[in-house]
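The values are calculated or read from the model by the stated rules, or taken from the named source; none is laboratory data. The structure displayed is predicted, hence computed values, not measured ones. When we count neighbours, we look across all protein chains shown, and the Cβ atoms used for this are built from the backbone with ideal geometry, even at glycine.
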Amino acid sequence: MGADTVDKTQEGAAEEVAPEAAESETQESKAVEPDAVEAEEAVDAAVDEDGGDAKGAAGDEAEDTEGAEAPNIFEAITAEVTELRDKYARLQAEWDNFRKRTAAERKSERDRAAESLVTDLLPVLDDLERAINHARESGEGGTLTDGVEAIQSKFLQILGKHKVEQLPAQGEAFDATRHQAVGVEEDASVPEETVVKVYQQGYIMGDRVIRPAMVVTSTGGPERRDEEPEEA
């Protein structure tokens, strides 16, 4: 009986101690829970704040990058357009120069070809002129001479259509660019270096001398004075 009583007494004491320990643990747990919740909320707030700052900084950086890239793209496009315009202008100028140069070369080739043909025909014209002069000097002029003169006149008209004309020489002042002196003749009635005779007619084609005139110039006359310019 004594042992049973002791055991029951110990069990009763243990049962009394157990509820008190449980109640103490519950109170401690309740005391700890608010502190943990507050700590967790503080951590979450700090994380959110850091994340917001990071996102804001990233957004500002992106906006700055976009703002910096936009002018750079515009400047690049503007520079490229300017370069293309310059290239186009240079190509246009080169094309115009090429076209003008080609046209001038073709005209020069045509002129040289025509000049060569006319030069080959001039001796025939010289023979017609000699025949006419000989007939007049010998007094044998007539219908035949008139016919030859008509042929010569028609010949000169055809050459005139191609801008070929005789150089004026008789009575003109000697011009080394248009006349070829083959002799000198004493003549005091005319100024020095005046063309007094023409042995062979000279011809021009446009503004180009294709054959100078063969002439005789005077000597022994008064000095030639430069022509005074006409008053306006």
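Values computed for the structure shown
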quantity: Evaluation of ALA213 against (1) farther than 19 Å from ASN133 by Cβ; (2) crowded, with 16+ Cβ neighbours inside 10 Å (one fails), failing number; calculated: (1)
quantity: Residue in segment 166-187 that is free of Cβ contacts under 8 Å to residues at least 12 places away in the same chain and not acidic (Asp, Glu) present; calculated: yes
quantity: Elements of type strands (runs of 3 or more DSSP E) in segment 134-221, at least 1 residues being among the aromatic types (Phe, Trp, Tyr); calculated: 195-200, 203-205
quantity: Condition broken by GLN92, with the remaining ones in (1) surrounded by fewer than 10 Cβ atoms within 10 Å (Cβ to Cβ); (2) modelled with pLDDT of 80 or more satisfied; calculated: (1)
quantity: Of all residues making up segment 179-197, the number that are in contact with a strand residue (DSSP E or B) (Cβ under 6 Å, 6 or more places away or on another chain) and buried (at least 16 other Cβ atoms within 10 Å of the Cβ); calculated: 7
